[in-house]
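What follows is a short report on a single structure.
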């Protein structure tokens with residue numbers, strides 16, 4: 001078993017195990033692979049699921065994919081991705 005590589009996570013602001021491979025194609029996937037920890041990626045997946053459900057997105061549609069990619073960029077490298085207005089997390 002190989003030891004996971006350690007990255008300084010831009011989202012969490014601390015070091016942690018990095019992802020084994022880019023989780024997304026292209027430049028964004030490369031940046032996530034280099035600067036995002038496994039823990040932060042799991043948090044994104046939960047956030048992404050909420051976005052898909054709340055906005056009733058169909059991820060195979062190009063428009064929905066562009067939206068999710070923009071939110072992913074903001075989540076990790078921008079001001080953050082926010083929940084839809086009026087969203088209340090389930091307890």
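The values are calculated or read from the model by the stated rules, or taken from the named source; none is laboratory data. Only a predicted model underlies this, so the values are computations on that prediction, with no experimental measurement involved. We place every Cβ from the backbone using ideal geometry, glycine too, and count neighbours over all the protein chains shown.
Here are some conditions: (1) touching a strand residue (DSSP E or B) at 6+ places or on another chain (Cβ under 8 Å); (2) in contact (Cβ under 8 Å) with a residue 40 or more places away in the chain; (3) part of a helix (DSSP H, G or I). Residue 11 meets all but one. Which one does it not meet? Among (1) touching a strand residue (DSSP E or B) at 6+ places or on another chain (Cβ under 8 Å); (2) in contact (Cβ under 8 Å) with a residue 40 or more places away in the chain; (3) part of a helix (DSSP H, G or I), residue 11 violates only (3).
Residue 61 fulfils the conditions (1) exposed (fewer than 11 other Cβ atoms within 10 Å of the Cβ); (2) modelled with pLDDT under 95 except for a single criterion, (2).
Residue-level check: of (1) surrounded by fewer than 15 Cβ atoms within 10 Å (Cβ to Cβ); (2) under 17 Å from residue 81 (Cα atoms); (3) touching a residue at least 12 places away in the same chain (Cβ under 8 Å), residue 49 misses just (3).
For the range 18-70, what are the residues that are outside any helix (DSSP H, G or I) and touching a strand residue (DSSP E or B) at 6+ places or on another chain (Cβ under 9 Å)? Answer for the range 18-70, where residues must be outside any helix (DSSP H, G or I) and touching a strand residue (DSSP E or B) at 6+ places or on another chain (Cβ under 9 Å): 18, 19, 36, 37.
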